Amino acid sequence: MAAHDESIEAGLVHGVRIVPGIEVSALSPQGEVHILGYGVRITSPISAIAQQIAGLREVRDGRARKIIAKLAKSGIVLEFERVRSIAGDAVLGRPHIAKALVEMGVVRDTQQAFDRYLAEGKLAFSPHQGLTPAQAIQLIHNAGGIAVFAHPSLYVGNIAELFGDLLVNGLDGIEVYHASNPLEHRTSYLSWAVKHGLIVTGGSDFHRDTPENRALFCQFSLSTEQMASFNSALAIPQT
């Protein structure tokens, strides 16, 4: 979020359309849920949104400390300040802890860090104590954005039950095209989108520069009709 103004300026220079966004982690009774917010604004006159997001940063710092403490109990000692340094201005998350583990030589790459220690159900996983999915959607709407259910196939609970709850609370779209969504799941998600009038999105989930992420970059695209719906929802000119 801190890079939005800078990225928009760079987009103007290089002729790239920039859509400001955020990915909000929320916690349902059955597991973690990620909600994408496209077209959000954090500057005046909605500075209260920026304050809420700042509060989320503190929550994520607390979660990181819990993960680091769990790693320490298994004999892997990470310094919080080193992880904070890796994150820089970004909200501190598990990818930064993963990078620190690679730096220490504990794992081969960040994917192995998640597979062994950081993914849900693994040794050092710690659920966050932040927003509910409904609150995440409300936060995004309050910031002038549209709320999209991210990579639904990664959700570990009852997805139909969660989807119904998200719909009731104002969900705007679903990320159909994602590497973690098997083809048969994408077909189901498309039918859900059509039935409920939802926006369809897709993406590479490029959070960090790894060979795996580079291979996925630009591998997912929308149809002309789907892109038009996305543009219309954000009032983006058709150029």
Quiz item: Of the residues in region 95-128, how many are more than 18 Å from Val33 (Cα to Cα) and assigned to a helix (DSSP H, G or I)?
Solution: 16
Self-check item: Residue check, Ser221 surrounded by 10 or more Cβ atoms within 10 Å (Cβ to Cβ) and modelled with pLDDT under 90
Solution: yes
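Quick check, is Glu81 closer than 23 Å to Pro211 by Cα, over 23 Å from the mean Cα position of the chain (by Cα), in a helix (DSSP H, G or I) and not β-branched (Val, Ile, Thr)?
Judged against the criteria, Glu81 is not a match.
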Quiz item: Inside region 212-225, can you point out the residues that are on the phi < 0 side of the Ramachandran plot, without any contact (Cβ under 8 Å) to a residue 60 or more places away in the chain and either out of contact with any helix residue (DSSP H, G or I) (no Cβ under 9 Å at 6 or more places or on another chain) or of a type in the set (Asp, Glu) (or both)?
Solution: Asn213, Arg214, Ala215, Leu216, Phe217, Gln219, Phe220, Ser223, Thr224, Glu225
Exercise. Tell me which residues, restricted to region 172-202, are over 16 Å from Ala147 (Cβ atoms), charged (D, E, K, R) and surrounded by 13 or more Cβ atoms within 10 Å (Cβ to Cβ).
Key: Arg186
Exercise. Output the residues belonging to region 157-171 that are touching a strand residue (DSSP E or B) at 6+ places or on another chain (Cβ under 8 Å) and surrounded by fewer than 21 Cβ atoms within 10 Å (Cβ to Cβ).
Key: Gly157, Leu162, Phe163, Asp165, Gly170
Quiz item: Within the set of pairs 6 or more residues apart or between chains, which connect a residue that is closer than 18 Å to Val156 by Cβ inside region 124-142 to a residue that is at pLDDT 85 or above and of a type in the set (Phe, Trp, Tyr) with Cβ atoms less than 8 Å apart?
Solution: Ala124/Tyr117; Phe125/Tyr117
Quiz item: Can you pull out the residues in region 112-133 that are in contact with a helix residue (DSSP H, G or I) (Cβ under 6 Å, 6 or more places away or on another chain) and polar (S, T, N, Q)?
Solution: Ser126
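The values are calculated or read from the model by the stated rules, or taken from the named source; none is laboratory data. Nothing here was measured: the structure is a model prediction, and the numbers come from that model. Here the Cβ is made from the backbone with ideal geometry for all residues, glycine too, and neighbour counts use every protein chain on show.
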